[in-house]
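What follows is a short report on a single structure.
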Amino acid sequence: MNFEFSDEQRQLHDTVDRYLTDTYTFEKFRTVNASAAGWDKTVWTGLGELGVLALNVPAEQGGLGFGPLETLSVMGACGKSLLLEPFSSSAVIATAVLRACADDAAAADLMTRMGSGAAIAVLAHYEPDSRFESQWVTTRARKSGDAYTLDGHKAVVMHAGAADTLLVSARVSGEPGDAKGISLFRVPHDARGLKLDVYPTIDGQRAADVYLKGLEVPAGNRLGAEGGALPMIEAALDFGLAALCAEAVGVMQALVDATVTYVQSRQQFGVPIGRFQALQHRIADMLIHLEQARSMSYLAALRCTDANVPERRRALSAAKAVVGQSARFVGQQAVQLHGGMGMTDELIVSHWFKRLTAAELMFGDSDTHLQRYAALTRE
Amino acid sequence: MRLEFNEEEQAFREEVRAFLKEKLPAQIRDKVLNGYELSREDHVLWQRTLHDRGWGGVGWPRQFGGPGWNSVQQYIFDEETAQAGAPRLIPFGTKMVAPVIMAFGNAAQQQRFLPPISSGAEWWCQGYSEPGAGSDLASLKTRAVLRGDHYIVSGQKTWNTLGQYADWIFCLVRTDTAAKQQSGISFLLIDMKSPGITVRPITLLDGGHEVNEIWFEDVKVPVENRIGDENKGWTYAKFLLGHERANIAGIGGAKRELSRLKRIAASERKNGRPLIEDPLFAAHIAQVEIDLWALEITNLRVLSAERESKAPGPEASILKIRGTEIAQRISELLMRAVGPYALPFRREAMAAGWQWDPSREPPGPRYASTLAAAYMNQRKLSIFGGTNEIQKNIISKMIVGL
């Protein structure tokens, strides 16, 4: 039992934190947010040069071959700086998918390019009616000869607009809800029959609803076993969930720090408002939530690659429930304690609040995970 | 970073488990697991059993006859004993006055007082709170006036937990009324058999006699029973309060009660189905179990930091707040799990072996008959040992710097 970070993990955190603090200022965030694309190629290249995009890429593909704890070390800094670029979508989740089928030459090559910053891939899996149940896949793939034809609709695919490649799940057999019968395909962004409806999310990131209509891909674009892609997809989503927990903790820490600073300086009735016990206790409550969330973000990182799937998912649901509830509390109270200023677009506080609001909803909200945890505990 | 305990720690856990399996008396274990009251004899027997194993002074260094455990071993010991159904250690001797005697007492005091604490031969209670001094402890008024080689003590203490069993009481008394509050206080050890001491029970909301008021009327206390210097008692008191918060999260006890909650919820029925399958009740259980998991990891983080010899900070306040909230929540769910059968109330039901009138059907299952009283009793958790509001003051002052 030990909660120390290794020197390597600390350095990784410090490197990314310094880079983002210097280059990804709040002003920079606002500029990127206001741009049409919603992400910045120069920043992306910079992250590639630092090596962080290759964090989870295996050494054989020219990467660092790290895992969840190193990812956690980086995600907190991404959260604090409100990074809009597709780091977790491509360098965490899609990389985790591809890593599971590294014996596929095209997947290996794609990972290499992703690690250097030359390519971006995202996983397109959830659908409008799946509500974060990963087995609910209605998108169909029909094989004829040497090709598959895909038809379906993927919902709120994070950073799909920035991607060169989409990793699309589709059903080759069975019914929605069946664990078996799901395959995964590499789909180039310019494939015929692919339509992206790109939009900003509440926190300024970009996402898209993805429509596939008669979209043809060569049979060689299938990743992994026919009909057996779900375990690989779930493993990648769980990795992403752990990363999101760490990101949310980074945001919560930033909000607690900002709120403490604010109540120490803001004067009312002739004293700093931090002298008022009602506010002191609220901040103590925020800190308690933050520390419980931090504990669970560690649990998520330590368990998200566990081979025992029910145990892994039980731990991740527990983590997401606590992190989600904490994110809601800390975000709401940070706005409250900043008073009217907390409501303004001009202060970074409202943007951290929005990132936490998004984090609570992504990969299933706290209620979803509480329910999932209860079901997994009963079995 | 890793969650698993190392091999040495695992081996220690096995050692504690084997000891409990062999030495924890079944009749004591059954009382604890079913929430029945323990007698003075039960506690003394258990303390004696630990002492015979060399574990009487939990948390003590070897030089004073303790097992010399580090904080991780203490945590494992607390977790295993609580889950196995061993009695909660009465903290006033081993965990409160003993560390003060070790740190600030003289050699004669250490030789006189520590061995009978470890063996269970002498029972201690705490004389801190007064009717007018609760969270604001430094406003205490009990006076001690030096006359030759004795102090004459007069005043009133209150909330003395299990003071009716005590052989000794450690007291904060005012020895200088002119000095400012904190600087006129001394720390005295007082023999409960001294003439002039009266113990009166306070009946609590659950009908139990757990706490007392103690009156001191011109009680003679030998000056050699003062710890450290006169008027320096506040320093020793603060030291003690720091110790009181060690292992305050109560992870093992909460796990034990959570298992009990699940057992009861599995045997209770709602619409012909086990209550534990009711979606809302299952969600309540899941929530408290998840909260406990988060607190357990937070507790381990604090231990890990201590092992790396980072000074323990006010993180203990976080553990106290969350630990008590979770314990209270579990006790509340236990009561609610039995539905209407939480309502029939007989104080005698807290005793193991007691039965409803054998000539007629008992109202509800036996396990239901203690749960409402236990729920009511557990409200104390967020009040004692520094109220949870005081803990939040500590957090905001020390961690947040407000």
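Helix A:230-265 and the long axis of chain A differ in direction by around 20°, with both axes built from C-alpha atoms.
Over the range A:223-327, all Cα pairs binned in 10 Å intervals from 0 give whole-percent P(r) values of 15, 34, 23, 15, 9, 4, 1, 0, listed from short to long. The angle between the Cα long axis of helix B:388-398 and the main principal axis of chain B comes to about 60°, on a 0 to 90 degree scale. For B:Lys157, a cut-off of 24 angstrom between C-alpha atoms picks up these lysines, skipping any fewer than 8 places away in its own chain: B:Lys95, B:Lys141, B:Lys180, B:Lys193, B:Lys220, B:Lys232, B:Lys238, B:Lys380.
Give me log10 I(q)/I(0) at q = 0.13, 0.15, 0.16, 0.18 Å⁻¹ for the range B:124-233, Debye formula, one equal scatterer per alpha-carbon, no solvent. These q points yield log10 I(q)/I(0) values of -0.44, -0.58, -0.65, -0.82. At what distance in angstrom do the alpha carbon centres of the range B:162-216 and the range B:318-380 lie from each other? Each part reduced to its Cα centre gives a spacing of 30 Å. Protection proxy ranking of A:239-251, B:262-274, by the mean of other Cβ atoms within 10 Å over each peptide's residues and highest first, is A:239-251, B:262-274. Here the Karplus curve 6.51 cos²θ - 1.76 cosθ + 1.60, taken at θ = phi - 60°, turns the phi angles of the range A:144-151 into couplings of 9, x, 9, 9, 10, 10, 9, 9 Hz, with x standing for Gly and Pro. If you take the beta carbon distance between A:Ala106 and B:Lys270 as r and set R0 to 51 Å, what does 1/(1 + (r/R0)^6) give as a FRET efficiency, to the nearest 0.05? Given R0 = 51 Å and the Cβ-Cβ separation, E is 0.40.
Computed across chain B, the Kirkwood hydrodynamic radius from all distinct Cα-Cα pairs reaches 22.7 Å. Projecting label points 7 angstrom from Cα along Cα→Cβ for A:Asp345 and B:Asp229 puts them 6.4 nm apart. For the residues of A:281-293, the average number of beta carbons from a partner chain within 10 Å of their own beta carbon is 6. Taking every DSSP bridge with both residues inside the protein assembly as shown, close to 85 percent are antiparallel.
Using a Gaussian network model of chain B in which every pair of alpha carbons under 10 angstrom is joined by a spring, one finds that among B:Gly386, B:Gly127, B:Gly148 the greatest mean-square fluctuation is at B:Gly148. Taking amide H atoms as placed 1.01 Å from N in the peptide plane, the amide H of B:His150 lies under 5 Å from those of B:Val223, each 5 or more residues away in sequence or on another chain. Computed from the C-beta positions of A:Ala36 and A:Ala155, the FRET efficiency with R₀ = 30 Å rounds to 0.85.
The Rg/Rh ratio of the protein assembly as shown, with both radii computed over alpha carbons and Rh defined as the Kirkwood radius, is 1.04.
Rounded to the nearest 10 degrees, the inclination of helix A:309-337 to the longest alpha-carbon principal axis of chain A is 40 degrees.
Exposure proxy for B:Lys380, B:Lys397: other Cβ atoms within 10 Å of each Cβ, ordered fewest to most, give B:Lys397, B:Lys380. Mean sequence separation of contacting Cα pairs (under 8 Å, at least six apart), scaled by the length of the range B:147-257, corresponds to a relative contact order of 33 percent. Counted residue by residue at 0.36 nm each, then reduced by the alpha carbon distance between them, the extension gain from B:Arg143 to B:Leu205 reaches 19.2 nm.
Here, each number is a calculation from the coordinates, and none is a lab measurement. As the structure is a prediction and not an experimental result, all values here were calculated from the model. Neighbour counts are summed over all protein chains in view; Cβ atoms, including those assigned to glycine, are modelled from backbone coordinates with ideal geometry.
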